[in-house]
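J.: Before I ask anything, here is the structure I am working with.
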């Protein structure tokens, strides 16, 4: 499967521009982790790009990501990619075993927190966000209250990466696509 295949799948099922930006952010973070661990950047990026492709049409815990996994299976996608999509959601009961699965889980929630931090800055630019500014907002439980900070911490632990380094890796990856995310500033 190619990135083009993944993009076609994502845009077939996802129309919400914010969900597409989320997929792009997770793709960038997954590629950064693939580089860190000496893994296949394209494959890891593809997993990031499609991990939530079914969410807009199947947003409930009973449906997502099960519906997506079924679609991937029907279309002949590789089993390890399907397992990673399932493993990124704790409620599926699918155990994270591979580095790719652990990385997807680790970056998913963090990308949302970083976007929220960027959006409250006067410049609305991710380029102005630092690890310290993310950690400062992290402590404010009412800020981006839907972001599961315990999942981010658990994900970093599963990867064996200290939290500050984890935030830095994901933040720098997202800065690399600031324009695509609409977070390059005013």
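Nothing in this text is a laboratory measurement; each read-out follows from the coordinates by a stated rule. Everything numeric here is computed off the predicted structure, so don't read it as measured data. Please note: Cβ atoms are built from the backbone with ideal geometry, for glycine as well, and neighbour counts cover all protein chains shown.
J.: Run the simple label-point estimate for residue 15 and residue 119 please: 7 Å along Cα→C-beta, distance reported in nm.
T.: Computed distance between label sites residue 15 and residue 119 equals 2.1 nm.
J.: So what is the 222 nm mean residue ellipticity for the chain from helices alone, if each DSSP H run of at least 4 adds -39500 (n - 2.57) and you divide by all residues, rounding to the nearest 500 deg cm²/dmol?
T.: Value at 222 nm, helices only: -19000 deg cm²/dmol.
J.: How far, in degrees from 0 to 90, does helix 149-159 lean away from the longest principal axis of the Cα atoms of the chain, to the nearest 10?
T.: Approximately 70 degrees, to the nearest 10.
J.: With a 10 Å cut-off between alpha carbons and a GNM built on the chain, which of 176, 68, 146 moves the most?
T.: Sorting by GNM fluctuation, first place goes to 146.
J.: For the chain, set up a Gaussian network in which alpha carbons nearer than 10 Å are linked by springs, and say which option among 54, 108, 80 fluctuates the most.
T.: 80
J.: Mind checking which of 75, 35, 121 has the largest fluctuation in a GNM of the chain, springs on alpha carbons under 10 Å?
T.: Evaluated over the chain, the most mobile residue of the options is 75.
J.: Which ordering of 44, 138 is given by a fewest-first count of other beta-carbon atoms within 10 Å?
T.: Numbers: 44 25, 138 19.
Least crowded to most crowded, the residues run 138, 44.
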